[in-house]
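What follows is calculated from the coordinates using simple rules that are stated; it is not laboratory data. Remember, predicted model here, so these are calculated numbers, not experimental data. Cβ atoms come from the backbone with ideal geometry, glycine included; neighbour counts cover every protein chain shown.
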Amino acid sequence: MYAMLTHKSPIQSGIRTTEEYKSVNTSSRFGRFWRRKPPRLPPRLTPDEKVGNNSFNRGPKLTNVGSKWMDRQRDVKEAFIHAWSGYKKYAMGYDELQPLSKIGTDGLGGLGATVVDALDTAMIMSADDIVSEAGSWIETHLLDRISQKGQVNLFETTIRVLGGLLSAYHLSGGEQEMNPTAKGPRPIVYLDIAKKLADRLLTAFTSSPTPIPFSDVVLRDSTAHPAPDGLSSTSEVSTLQLEFNYLSTVSGDPKYSMEAMKVLEHLKTLPKVEGLVPIYISPHSGEFNGENIRLGSRGDSYYEYLIKVWLQQGTTHSSNLTYLHDMYEEAMKGVRHLLVRKSIPSGLVFVGELPYGSTGSYSPKMDHLVCFLPGTLALGATKGITKEKAMKDNLLTFEDLENLKLAEDLAKTCFEMYSVTSTGLSPEIAYFHTQEYYEGSLDGGNKSSEYLNDIIIKHADRHNLLRPETVESLFVLYRITEDPKYREWGWQIFEAFEKYTKVDSGGYTSLDDVTMLPPHRRDKMETFFLGETLKYLYLLFGDSSVIPLDQFVFNSEAHPFPIRDLTSCRDHLVYPLHGHAVELIRRAAVSVSCTA
Ligand code: DMJ
């Protein structure tokens, strides 16, 4: 605390002075907390902090390791500013930017998805101008859009827009009923809009004859509809709960959580294959449809939310959600038993698919989307603390150790999916060479990769959409194992994005073929490039005490929500205090965790 108030920083302009800070806090819950428990003395500063980690003005380069990562983190922030500047210039208020055509496009229903998805990344990076621009657009336009727009997808709107609003509410000081940055609107504005949006989205649950929601909502008349084939994706119906739970916590209205949690309670009762589930489910019957099992598209975040929703409640609050932990653990055993294999000749560990169920043939196909799994496995194993601490305190079960090992093996495979191509960027889908499966002459084009014969990339799968899953897992694995190789891998991936996807006039673009030099560009900047990819890279290169993984849980679109756990209050006091964003996030975390 003392360190924060006296630390001189060129970007602390939004931080209150000592006197302002004291007076604001005398009536806040945060203030009450401090009166109860006096702050510790300032922690010792690391080399990163001593040179001012929060300064984004390039000074003389320092030779130590800390300064290398500070420089790299600054490069990621510059990339974010470049991405935003293209969006702002050509597409402000549209869902996405087409950076080559220099126009905006509404592929997600027209709620300005990039603005909302990018906002908390800007907050975390202390990109204050962007926080103001995005915040003021949201305050001025988003409510009208919500009441006037047509059909939106329940899942996409929940993870990107509702999730983005809620994390912005939290990171801007919402629970403290104050705005510590003075950038953008008051936090309550984000919460009010989130509630109005969620009230309409709730129709997807309440219109369905079963606990499984319909996939789409028409916002202007609050009606909900099933997808044309009548089915919902399993991952979509099970990837709403972090957001609706958190909204219930901060709004005090249980209805959001109740509807969303009915889905998971219902899924608990359905038959599974060693914990694994088909990728479609019918909102009409409430039953799974078909036998296709995979952890890629339509399956992925079912597994992610099982463990994250359990973690969200805090381990001391979660006894009634133990079933989620059990479902997760059974599913991961199923993954290890039925889906994990090794490629030949070089033995990359991968997760394949069972398109015809457990009795049908195995497909050695792995979507890039599956690369969320290493991060989720590592998080589930240590619950967000470091591996070293978990081992020292004897906290890891046999299952945790198996999952952690698999996490590290899969993270390597995901990284090799990038480095096997001539651009250094991953294809959307890879196949792996096994005894039963081989297709020649379909490699990634990087002749120096030792995995050129292990990874097969079909022509139709060679595109790259700027997806986050691999850097997400590298970030989580770095935090948990503290192995610097994950940072180095992340840097290589970032450099490839810079080299091949950056558009000079502003923004970044998806690619058609990562195996060709130069790659043909696709003309689309997905919202998750700002919401997830650049956020995870920034956090990977930064101080591990920013948004600690035992105190925050990231939704599927990388929007962090605080974990509810009274026992961790102590830990909030020992964050290294080196900047605006850290202090902002620390105060927000304290308020919810220690006064809930
Ligand atoms: C994001 O919208 C989310 O991460 C989602 O869960 C899966 N796909 C994209 C990013 O690839």
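Residues in region 347-380 near a label at Asp483, defined as backbone nitrogen under 17 Å from the 7 Å Cα→Cβ point?
Counting only backbone N, you get 347-351, 371-380.
Under 20 Å from a point 7 Å along the Cα-to-Cβ line of Glu330: which residues of region 343-357 have their amide N that close?
354, 357
Please find the FRET efficiency linking Lys68 to Val273, where r is the Cβ-Cβ separation and R0 is fixed at 51 Å, and quote it to the nearest 0.05. It would help to have the intermediate numbers written out before the result.
On the way: r = 47 Å, r/R0 = 0.91.
So the FRET efficiency works out to roughly 0.65.
For region 160-235, what's the relative contact order in percent, using C-alpha pairs closer than 8 Å and at least 6 residues apart? Spell out each step's value before the answer.
Values: 85 pairs, mean separation 14.8, N = 76.
Relative contact order, region 160-235: 19 percent.
Using 0.36 nm per residue of separation minus the Cα-Cα distance, give me the extension gain between Ser136 and Ser505 in nm, one decimal. Mind showing how you got there, number by number?
Values: separation 369, 0.36 × 369 = 132.84 nm, distance 2.41 nm.
That pair, Ser136 and Ser505, stretches by 130.4 nm at full extension.
Label Glu402 and Lys89 with points 7 Å out from Cα along Cα→Cβ: what is the distance between them in nm?
Taking the simple label geometry, Glu402 and Lys89 are separated by 5.3 nm.
Over region 322-369, what relative contact order in percent results from Cα pairs under 8 Å that are six or more residues apart? Could the numbers behind the result be given before it?
Numbers: 42 pairs, mean separation 11.1, N = 48.
This gives 23 percent for region 322-369.
Show me the GluC sites (Glu not before Pro) within region 439-494 that DSSP assigns to loop and that have at most 15 other Cβ atoms within 10 Å of their Cβ. Spell out each step's value before the answer.
Values: sites: Glu439, Glu450, Glu469, Glu472, Glu482, Glu488; in loops: Glu439, Glu450, Glu482.
Filter output for region 439-494: Glu439, Glu450, Glu482.
DSSP loop GluC sites (Glu not before Pro) in region 138-179 with at most 15 other Cβ atoms within 10 Å of their Cβ, which ones?
Values: sites: Glu139, Glu156, Glu175, Glu177; in loops: Glu177.
Taking region 138-179 and a limit of 15 other Cβ atoms within 10 Å, the loop GluC sites (Glu not before Pro) found are Glu177.
From the backbone phi of region 385-390, what are the Karplus-calculated ³J(HN,Hα) couplings (6.51 cos²θ - 1.76 cosθ + 1.60, θ = phi - 60°) in whole Hz, Gly and Pro given as x?
8, 6, 4, 4, 5, 4
Which trypsin sites (Lys or Arg not before Pro) from region 415-477 combine a DSSP loop assignment with at most 16 other Cβ atoms within 10 Å? The partial results should precede the final answer.
Values: sites: Lys447, Lys458, Arg462; in loops: Lys447, Lys458, Arg462.
When the trypsin sites (Lys or Arg not before Pro) of region 415-477 are filtered for loop state and at most 16 Cβ neighbours within 10 Å, Lys447, Lys458 remain.
If you average the alpha carbon positions of region 531-553 and of region 393-462, how far apart do those two centres end up, in angstrom?
24 Å
First select every other residue whose beta carbon is under 13 angstrom from the beta carbon of Ser449; then total the charges, Lys and Arg +1, Asp and Glu -1. Write out the running numbers ahead of the final one.
On the way: positive: Lys412, Lys447; negative: Glu416, Asp443, Glu450, Asp454.
Overall, the nearby charge balance is -2.
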